[in-house]
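Following: one structure in C-alpha cells, then a few remarks.
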Amino acid sequence: MTKFNHMVEALKAQPSVWLITGVAGFIGSNLLEALLQLNQKVVGIDNFATGSQMNLDDVRSQVTPTQWQNFYFIYGDVADYADCQKAMFFPEQGEKLAVEYVLHQAALGSVPRSIDEPLNTNKVNITGFLNMLMAAHHVGVRRVVYASSSSTYGDNTNLPKVEGCIGMPLSPYAVTKQTNELYADVFTKSYHLSCVGLRYFNVFGRRQRSYGDYAAVTPRWIATMLNHSPVLINGDGKTTRDFCYVDNVVQANILAALTLQDETLHQRYNIAHGRETTLNQLFDYIKDAMAKQGVIYTQNPQYSSARKDDIRYSKADIAKARQQLNYSPCCDVQAGVALTVAWYLGKGYA
C-alpha cells in the first residue's frame, strides 16, 4: 500500500474540515469530488469567473447525498477579504467549525489572459492569495497548500526543471505566481503559517474548459476533433510539454496537506508526470483515444507560426516531490488522455 493510500484510509477514519478556493473550477472541482468521497467536510468558494455551476453539479452526481451535505458553498471572491474570512468556517448544527486545511486553487490562469488583463490578474492572483493567507493565519489553519505554476521557471531553459533554479518571468501571470511563493515564505517566517507550494505543469482532465480564448490545448483539441474540425498547431508540433493528468494533482494536494515530515514544509514542488510529450504526440494520443471510443477523426493537423515567447521545451524533475511528499503519478499522459476523451464523450460532447 502506498503512502497516499495510507493517508486516504486515515482520512476516512478521521474526517477534517477543508477549504477549496476556486472550487467550481477544473482542479478545484476534482479536489472537491475526491474529498467528499473520503467523507470530509468541505467549504468551497468561487465567483464563477472561470469555474462553473456545471462542474459542481457534476461532482454532486458522483457522490452520495450524505457526502454532498458535507459541502458548504460560498459564492464569493478571494479578492474580497470579508469573503475569505467567511470561508474559514463550516456551519454545522448552529456551530462554526474552523477550517483545518486550505487548498488554494483560485486564480486567473492563462499566460495570454494575463497579458490581456494584467490588472485583473494581479488582483485575483496576488491580492486574493494575500487575503487567503491572512484569513488562514487568523483562524490558525494547520496548512495552506497553494497552486503555483511551471511559469515561475520563466526564461530558464535548462531541462529538466528543478525547483531551485527559476528564471525571470515572461508574463504577468508568471509574476503573480512567483509573488505568491514569496508571500508564502514571508508568512512562514513572520506568522509561522505552514505553507506548501505546488508548481503545476500543464494539468488536464475531466471538467477542464474546452472553449473560449484561453482554453488549454488538451480540452480544446478534444472538442475540436469531436466536432470534426481542423486542429491548429502553433509551430512544427515538436514543442514539448510535461502534461499531467488531474488525478495526479489531487494526490499531490492531499499529500502536501497531510505530510508530517519537517523537511517537506515551506517548500515548492514540481507536480507533473516527469516526461516530455510533443504536441504531435498529444494529437495522436487524442486521435487514438477517440478511435477506441468509436469516433474516427480523419483530418491532419494544420501548422502555423509559433507563438511569440512560447517556451520550446518543458519537462519537470519530480524527484523532490517523490522523495519528500511520496508523490507517485498514478496515471500517465496517454492513459489520462483516454480517460479525458471518455469523459467528454460521456457528457455528450460528440
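The values are calculated or read from the model by the stated rules, or taken from the named source; none is laboratory data. Fair warning: this is a prediction, and the values are worked out from it, not measured in the lab. Positions of Cβ are backbone-derived with ideal geometry, glycine not excepted, and every protein chain shown enters the neighbour counts. All accessible areas refer to the heavy atoms of the entire protein, side chains included, with ligands and DNA or RNA removed. Shrake-Rupley method; radii C 1.70, N 1.55, O 1.52, S 1.80 Å.
Listing for the model above:
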{"quantity": "Gln334 vs. criteria open to solvent by 40 Å² or more (accessible area, probe 1.4 Å), touching a helix residue (DSSP H, G or I) at 6+ places or on another chain (Cβ under 7 Å) and modelled with pLDDT of 95 or more", "calculated": "yes"}
{"quantity": "Output for the stretch 292-314, where each listed residue is of a type in the set (Phe, Trp, Tyr) and either open to solvent by less than 60 Å² (accessible area, probe 1.4 Å) or at positive phi (or both)", "calculated": "Tyr297"}
{"quantity": "Count - residues of the stretch 178-206 that are outside any strand (DSSP E or B) and open to solvent by less than 10 Å² (accessible area, probe 1.4 Å)", "calculated": "7"}
{"quantity": "Verdict on Asp317 being of a type in the set (Asp, Glu), at pLDDT 95 or above and touching a His at 6+ places or on another chain (Cβ under 7 Å)", "calculated": "no"}
{"quantity": "Count - residues of the stretch 259-273 that are at pLDDT below 90 and part of a loop (DSSP other than H, G, I, E, B)", "calculated": "5"}
{"quantity": "Single residue of Phe73, Phe48, Phe129 found to be more than 29 Å from Ser150 (Cα to Cα) and at pLDDT 95 or above", "calculated": "Phe73"}
{"quantity": "Cβ pairs under 8 Å, 6+ apart, first in the stretch 103-119 and at pLDDT 90 or above, second aliphatic (A, V, I, L, M) and surrounded by fewer than 19 Cβ atoms within 10 Å (Cβ to Cβ)", "calculated": "Leu108/Ala49"}
{"quantity": "Single residue of the stretch 91-135 satisfying the filter (in a strand (DSSP E or B) and among the charged types (D, E, K, R)) that is surrounded by the fewest Cβ atoms within 10 Å (Cβ to Cβ)", "calculated": "Glu95"}
{"quantity": "Residue in the stretch 29-41 that is touching a Leu at 6+ places or on another chain (Cβ under 9 Å) and closer than 26 Å to Leu119 by Cβ present", "calculated": "no"}
{"quantity": "Qualifying position, being open to solvent by 50 Å² or more (accessible area, probe 1.4 Å) and in contact with a helix residue (DSSP H, G or I) (Cβ under 6 Å, 6 or more places away or on another chain), among Tyr81, Tyr72", "calculated": "Tyr81"}
{"quantity": "Among residues of the stretch 262-284, those that are within 23 Å of Cys165 (Cα to Cα) and either surrounded by fewer than 16 Cβ atoms within 10 Å (Cβ to Cβ) or not hydroxyl-bearing (Ser, Thr, Tyr) (or both), counted", "calculated": "13"}
{"quantity": "Residue count for the stretch 23-62, restricted to those that are part of a helix (DSSP H, G or I) and farther than 17 Å from Val102 by Cβ", "calculated": "13"}
